[in-house]
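The values are calculated or read from the model by the stated rules, or taken from the named source; none is laboratory data. The model shown is predicted, which means the values in this text are computed figures rather than measured ones. Cβ sites come from the backbone with ideal geometry, for glycine too, and all protein chains shown count toward neighbours. Side chains are part of the model used for accessible areas, which takes the heavy atoms of the whole protein and leaves out ligands, DNA and RNA. Shrake-Rupley method; radii C 1.70, N 1.55, O 1.52, S 1.80 Å.
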Amino acid sequence: MGKIYVCSDLHLDHTNIIKYCNRPYADTEAMNKALIANWNSVVGEDDTVFCLGDFCLGNKDDIINFGKQLNGKKFLVLGNHDHGSRSTYQEAGFTQVYGEQVIMRFEELDTTIHFSHHRVADDKTHYLNLYGHQHDKPTDDDMHKCVCVELWDYKPVLLDTLIK
């Protein structure tokens, strides 16, 4: 079994995100190319990635095109900017598409993770909550870790790193 990665808020094809989050890209095309290259530089074909929402703001063809360029077995937790159909994301290569949150047990890591797009309130989870949406303004503590690409050098981050 390969490695397990997590990321959030790629916002592929979203021009305004460059300005909103002060991303270091000249334009959308440069950002898209860099995010895909960054993903593929760490994620191998046998690896797994949990993308916690806001994958792509493009149309159906864009979603499919970008998804097919990314290495690994991909899972998507839908974010507030993910407007494609479940079948579109599956055609893009996502093995499974979840609603805004899912709780998963990882026996090999002896841990349970609460994946979500928005940060889960303290009284709504008993597990480590990996979340997105807050971009470069996370509200992390021992039980909540933001995985937005702005915080992780615009790459997916190893799940092992987040649970240690």
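What the table shows:
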item	result
Failed criterion for V120 (all others in (1) closer than 22 Å to D160 by Cα; (2) crowded, with 16+ Cβ neighbours inside 10 Å; (3) in contact with a Ser or Thr (Cβ under 8 Å, 6 or more places away or on another chain) hold)	(3)
Some residue of segment 18-27 being more than 23 Å from G99 (Cβ to Cβ), of a type in the set (S, T, N, Q) and part of a helix (DSSP H, G or I)	no
Any pair with Cβ under 8 angstrom, 6 or more apart, that starts in segment 129-143 at a residue that is free of Cβ contacts under 8 Å to residues at least 24 places away in the same chain and ends at one that is assigned to a loop (DSSP other than H, G, I, E, B) and surrounded by 18 or more Cβ atoms within 10 Å (Cβ to Cβ)	N129/R119; N129/V120; Q134/R119; T139/R119; M143/T125
Answer residue from segment 96-110, given it is open to solvent by 70 Å² or more (accessible area, probe 1.4 Å) and part of a strand (DSSP E or B) and is nearest to L70 (Cα to Cα) among those	Q96
Top-ranked residue in segment 61-99 [being without any contact (Cβ under 8 Å) to a residue 12 or more places away in the chain and of a type in the set (D, E, K, R); ranked as nearest to F115 (Cα to Cα)]	R86
Some residue of segment 56-67 being modelled with pLDDT under 95, within 17 Å of G132 (Cβ to Cβ) and in contact with a helix residue (DSSP H, G or I) (Cβ under 9 Å, 6 or more places away or on another chain)	yes
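Rundown of residues vs (1) under 12 Å from the mean Cα position of the chain (by Cα); (2) open to solvent by 20 Å² or more (accessible area, probe 1.4 Å), yes/no style:
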{"site": "K3", "(1), (2)": "no, yes"}
{"site": "N16", "(1), (2)": "no, yes"}
{"site": "Y20", "(1), (2)": "no, yes"}
{"site": "R23", "(1), (2)": "no, no"}
{"site": "A37", "(1), (2)": "no, yes"}
{"site": "E45", "(1), (2)": "no, yes"}
{"site": "L52", "(1), (2)": "yes, no"}
{"site": "N71", "(1), (2)": "no, yes"}
{"site": "T88", "(1), (2)": "no, no"}
